[in-house]
Each structure stands twice: as C-alpha cells, then as structure tokens.
Amino acid sequence: MKTTILWDHDGVLVDTEPWYYEATRLQLGELGIPLPRDEYLKDMASGTPAWERAVAAGLSPEEIGRRKRQRNELYQQFLLTRDIDIEGVEAVLERLSKDYNMAIVTTSKRDDFKLIHRERSITKHMAFVLANGDYPRSKPHPDPYLTALDRFGVTRHETVVVEDSQRGLRAAVAAGIDCVVVKNEFVQAQDLSAATHQIDSLAMLPDLLTRM
C-alpha cells in the first residue's frame with residue numbers, strides 16, 4: 001500500500017519547462033549557437049547541460065557565466081508574466097493530501113521555486129520541498145528521491161513518484177520507486193516506457209493510486 005507521494009515540480013505541478021527552454025534557447029541563439037527543441041530534450045533526458053554547446057564552441061567561462069545569469073533573469077521574467085498554471089492541480093493535491101504524505105522533489109533552483117510559489121498555495125499540501133542543492137547529485141541520478149525517502153523515513157515500496165520527463169523517470173527507476181508519468185506535450189517525444197503507469201492527466205491519479 002502506498003503511503004507517500006513524491007512530486008516532480010516542473011511540468012507536473014506548474015507548466016514551466018517550455019519557458020526555461022525558451023530562455024536558454026534565446027541566450028544561446030545570441031551567441032550563434034542553435035538549440036533545437038528535440039536536441040534540448042535529448043540533453044535534458046541525459047542530464048547534460050545545454051551550455052555544453054557553448055563550451056564546445058570555445059566560449060570563455062566568463063562569457064558563459066554572464067549568459068547564464070541573463071538566462072536566469074529572462075526565465076524569472078517569464079515566470080512572472082506567462083501563464084504557468086496547470087488546470088486541476090490544486091483540486092488533486094487537496095484530495096490526495098487527506099490520505100498521503102507528500103513532498104516536492106525538484107531540480108529547480110530555490111530562488112525560482114520561491115518566485116513561482118509566491119502567490120500559489122501548492123506547497124501548503126507538502127511536508128517539505130527538496131530543490132537543487134539539497135542532494136548530492138541531480139536527476140537522472142537517484143539521489144533526490146533517495147534523499148526524500150530518508151527524510152520521510154519510508155521505504156521505496158510505500159512510495160510513488162509522479163513525473164513527466166525521461167530524466168525524472170530515470171531517477172525514480174534508479175531509486176527503485178514506482179513512477180507514474182503524467183503525459184506532457186513538451187516532453188512527449190521522450191522515452192517514457194519504463195514508467196509503472198502513464199496517465200493522460202493528473203485527474204486520473206487518485207483512482208490509480210487506490211489500485212497500486
């Protein structure tokens with residue numbers, strides 16, 4: 001019986017992934033480095049930073065650092081000005097919080113996470129949040145989810161991960177935790193076949209969990 005849900009964040013609870021890609025694409029584009037979405041998604045699945053393209057192009061660490069900072073600023077502008085809400089998330093969290101321990105396990109930077117949730121109430125349903133820097137290695141390594149298991153003091157058999165991307169799915173599989181993938185148009189071309197279950201929308205999750 002599942003007692004605990006570990007939630008991915010970007011693409012599952014908020015629709016931020018396309019805007020992070022767009023901010024990165026624009027900054028690399030100004031350097032003359034193209035970033036097609038399919039190649040970005042391949043890098044994302046393997047955990048390879050898009051900025052490796054700038055390294056390969058011979059840009060200096062100083063220039064790459066400056067462009068990353070500009071990307072981060074642009075991304076935060078997008079977070080404040082674009083519609084990143086996913087319909088039905090709050091209702092599902094409200095329902096599941098009555099029966100499950102829940103936490104968010106994300107690769108988001110803590111500052112970005114705080115900005116996203118400044119005027120949202122998603123986190124009120126969570127026991128804690130693990131963000132970038134709260135674990136030794138990021139997804140697709142298992143460390144984020146293993147850290148969450150330790151924090152809750154539960155076993156992998158009591159737990160389910162909710163993800164949307166191949167990178168997050170690989171992290172859950174490496175941690176030995178059942179993973180439900182919520183289909184997401186942005187990452188739909190990625191290989192998600194290792195998921196325990198795939199669902200079309202988050203609204204399907206509560207009934208599915210009763211059968212796991």
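Values computed for the structure shown
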read-out	value
Matching residues, region 183-204, being in a helix (DSSP H, G or I) and under 17 Å from L6 (Cα atoms)	L202, A203, M204
Enumeration of residues in region 103-112 that are in contact with a helix residue (DSSP H, G or I) (Cβ under 9 Å, 6 or more places away or on another chain), surrounded by 13 or more Cβ atoms within 10 Å (Cβ to Cβ) and in a helix (DSSP H, G or I)	D112
Check on K68, modelled with pLDDT under 95, open to solvent by 30 Å² or more (accessible area, probe 1.4 Å) and not small (G, A, S)	no
Residue selected from region 12-25 under the condition of a type outside the set (A, V, I, L, M, F, W, C) and open to solvent by 10 Å² or more (accessible area, probe 1.4 Å), by the criterion farthest from D99 (Cα to Cα)	R25
All positions within region 143-182 that are open to solvent by less than 20 Å² (accessible area, probe 1.4 Å) and part of a loop (DSSP other than H, G, I, E, B)	D164, S165, I177
Subset tally (residues that are of a type in the set (S, T, N, Q) and under 23 Å from R82 (Cβ atoms)) for region 110-162	3
Identity of the residue in region 1-16, farther than 25 Å from T81 by Cβ and assigned to a loop (DSSP other than H, G, I, E, B), that ends up farthest from the chain's Cα centre (by Cα)	M1
Members of region 127-139 found to be within 18 Å of T159 (Cα to Cα) and surrounded by 17 or more Cβ atoms within 10 Å (Cβ to Cβ), listed by number	V129, L130, K139
In region 116-164, the residues that are hydroxyl-bearing (S, T, Y), within 18 Å of G47 (Cα to Cα), in contact with a Leu (Cβ under 9 Å, 6 or more places away or on another chain) and touching a residue at least 24 places away in the same chain (Cβ under 8 Å)	Y145
Single match in V161, V187 (criterion: farther than 19 Å from L96 by Cα and aliphatic (A, V, I, L, M))	V187
Region 86-102, residues that are exposed (fewer than 13 other Cβ atoms within 10 Å of the Cβ) and among the charged types (D, E, K, R)	E87, E94, K98
Region 199-212 residues that are basic (K, R), paired with ones that are surrounded by 15 or more Cβ atoms within 10 Å (Cβ to Cβ) (beta carbon under 9 Å, 6 or more apart)	none
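The values are calculated or read from the model by the stated rules, or taken from the named source; none is laboratory data. All figures in this text were calculated on a predicted structure; none of them were measured in a lab. As a convention, Cβ positions derive from the backbone with ideal geometry for all residues, glycine included, and neighbour counts pool all protein chains shown. These area figures cover heavy atoms from the full protein model, side chains too; ligands, DNA and RNA do not enter into them. Shrake-Rupley method; radii C 1.70, N 1.55, O 1.52, S 1.80 Å.
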